[in-house]
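*Asks:* To start, I am sharing the structure in question, which I have written as structure tokens.
The values are calculated or read from the model by the stated rules, or taken from the named source; none is laboratory data. What you see is a predicted model; the values in this text were computed from it and never measured. Cβ placement follows ideal geometry from the backbone for every residue including glycine, while neighbour counts extend to all protein chains displayed.
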Amino acid sequence: MAKKNNGALCPRVDIGGQAVLDGVMMKSPDAVAVAVRRPNGDIVVKREDYVSPAKKHKWMGLPFIRGSVNMVQMMGLGMRVLEDSMKMSGQEEEEPSKFEKWLARKLGKSIDKVVMAVAIVMALALSIGLFVLLPNTVIKLFPEGGGNGTLLLKNLTSGVIRIALLIAYISLVGRIPDMRKTFQYHGSEHKTVYCHEHSLPLTPKNAQQFSTLHPRCGTSFLLLTFFLSILFYSVIDVVVLEWTGFNLGEHYLWRVLSRIALLPCVAGISYEVLKGLAHAENPVTRFLRWPGLQMQRLTTRQPSDDQCEVAIASMNAALNGLPEGEKTEEGWVILRAGRNTETENENQ
């Protein structure tokens, strides 16, 4: 068990999470819970059972494969819990577009599923356009031909552009008021995870003593993936050139297609590296963790005690089941404003 709150050590059973609209999602090995703060101060909690893909198919839990499986799964789960949080907060949902309604009729699916699918497709298109298509246009600035050194220079240049775009994008998004609040909930998620990892009673006071920066954060994973992609794609380009004589790095279409096709491999490698760095404590791992932790300064903010209380409610539900309390028609539990959750958690 770790004794530091600076991203040092974590227990082998990892609890993950995500900030959502006015709340936090927590994922334990067997459950996913979402807690949201409503405008009237009440906290609404939802919990559902979770079975990891590795339990269904053992090969999905193998090293280097589990990383890409986790990336795809968390993308779908993330979109779903964002939709859940909007409903739980009591806010009115945006009217589906005519295209979404038409698509729902043609596919025979519910509007909710179609809207979520369209959102995922749009997010993927934006990601590919911004972080794959755009950075790789840099190859047009280099003269044709060249050896391994030129390939490395191209990949280094496109990688630096990709990282710069990521930092700029997150910085701009962070200026949106609603996103600043979401980043605060992100910070409360990290503090609560640290509190649990240190076996302390889950209270806002205990959680607030910890950092908002955590070594297993998705922000660190994203940055690590961008860094490792420079090395990985360089090795692939050199191997293809040496074995086939085809200069993959100077053909824009083939270059883009290869990057997209090999993304699961990069994600798998990055996942294993991230877990290794999070569970080890020495000068080398601290140095390698540092860039990802600094990146989190853009995606986390110092939370209030009320926001930590929401993260704690989500953590408790993920670990121990839904709390006692009034339930909505959907089966969500309502923790009324003013309920002394701190005393309850200290007694657990």
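*Asks:* Is the range 42-54 home to any residue that is within 26 Å of Gly321 (Cα to Cα), within 23 Å of the chain's Cα centre (by Cα) and modelled with pLDDT under 85?
*Replies:* No, the range 42-54 contains no residue that is within 26 Å of Gly321 (Cα to Cα), within 23 Å of the chain's Cα centre (by Cα) and modelled with pLDDT under 85.
*Asks:* Next question, about the same structure. Going through the range 132-157 one residue at a time, which ones are part of a helix (DSSP H, G or I), free of Cβ contacts under 8 Å to residues at least 60 places away in the same chain and surrounded by 14 or more Cβ atoms within 10 Å (Cβ to Cβ)?
*Replies:* Pro135, Val138, Leu153, Thr157
*Asks:* If the Cβ limit is 6 Å and pairs must be 6+ apart or interchain, which residue in the range 185-214 that is closer than 9 Å to Cys308 by Cα and surrounded by fewer than 24 Cβ atoms within 10 Å (Cβ to Cβ) pairs with which residue that is at pLDDT 95 or above and not aromatic (Phe, Trp, Tyr)?
*Replies:* Going by the 6 Å Cβ cut-off, the qualifying pairs are Pro204/Asp305; Pro204/Cys308; Pro204/Glu309.
*Asks:* I would also like to ask the following. Would you please list the contacts, defined by Cβ atoms under 6 Å and residues six or more apart or on different chains, that run from a residue in the range 30-46 that is closer than 11 Å to Ser85 by Cβ to a residue that is surrounded by 23 or more Cβ atoms within 10 Å (Cβ to Cβ) and of a type in the set (Lys, Arg)?
*Replies:* Close Cβ pairs (under 6 Å, with a partner that is surrounded by 23 or more Cβ atoms within 10 Å (Cβ to Cβ) and of a type in the set (Lys, Arg)) amount to Val34/Lys46.
*Asks:* I want to confirm something. Restricting to the range 304-348 and keeping residues that are farther than 24 Å from His190 by Cβ and small (Gly, Ala, Ser), which single residue is modelled with the highest pLDDT?
*Replies:* The residue in question is Gly331.
*Asks:* Answer yes or no as to whether Leu274 is in contact with a Ser or Thr (Cβ under 9 Å, 6 or more places away or on another chain) and modelled with pLDDT under 95.
*Replies:* Yes.
*Asks:* Which condition from (1) in a helix (DSSP H, G or I); (2) more than 22 Å from Pro135 (Cβ to Cβ) is the one that Arg162 breaks?
*Replies:* Here Arg162 meets the rest and fails (2).
*Asks:* Further, regarding this structure: Would you mind listing the helices (runs of 4 or more DSSP H) fully within the range 194-303 where at least 1 residues are more than 20 Å from the chain's Cα centre (by Cα) and within 15 Å of Asn155 (Cα to Cα)? Don't jump to the end; show me each part of the working.
*Replies:* Working: elements: 204-207, 218-244, 252-261, 263-278, 283-299.
Passing ranges, in order: 218-244, 252-261.
*Asks:* Output the number of the condition that Thr299 fails; it satisfies all remaining conditions of (1) crowded, with 18+ Cβ neighbours inside 10 Å; (2) under 25 Å from Ser171 (Cα atoms); (3) at pLDDT below 95.
*Replies:* All conditions pass for Thr299, except number (3).
*Asks:* Every residue in the range 20-57 that is part of a loop (DSSP other than H, G, I, E, B) and among the aliphatic types (A, V, I, L, M), please.
*Replies:* Passing the criteria: Leu21, Val51.
*Asks:* Next question, about the same structure. Do we have Ser314 as part of a helix (DSSP H, G or I), farther than 30 Å from Ile43 by Cα and of a type in the set (Ser, Thr, Tyr) here?
*Replies:* Working: part of a helix (DSSP H, G or I): yes; farther than 30 Å from Ile43 by Cα: no; of a type in the set (Ser, Thr, Tyr): yes.
Spelling it out, it is not the case that Ser314 is part of a helix (DSSP H, G or I), farther than 30 Å from Ile43 by Cα and of a type in the set (Ser, Thr, Tyr).
*Asks:* While we're on this one: Quickly run through the range 58-90 and pick out the residues that are in a loop (DSSP other than H, G, I, E, B), touching a helix residue (DSSP H, G or I) at 6+ places or on another chain (Cβ under 9 Å) and exposed (fewer than 15 other Cβ atoms within 10 Å of the Cβ).
*Replies:* Leu62, Pro63, Phe64
*Asks:* Okay, next question. Of everything in the range 238-258 that's surrounded by 14 or more Cβ atoms within 10 Å (Cβ to Cβ) and hydrophobic (A, V, I, L, M, F, W, C), which residue is nearest to Thr137 (Cα to Cα)?
*Replies:* Checking each candidate, the answer is Val256.
*Asks:* Let me ask you something else. Just to be sure before I move on: is Leu248 at pLDDT 90 or above and of a type outside the set (S, T, N, Q) in the structure I sent?
*Replies:* no
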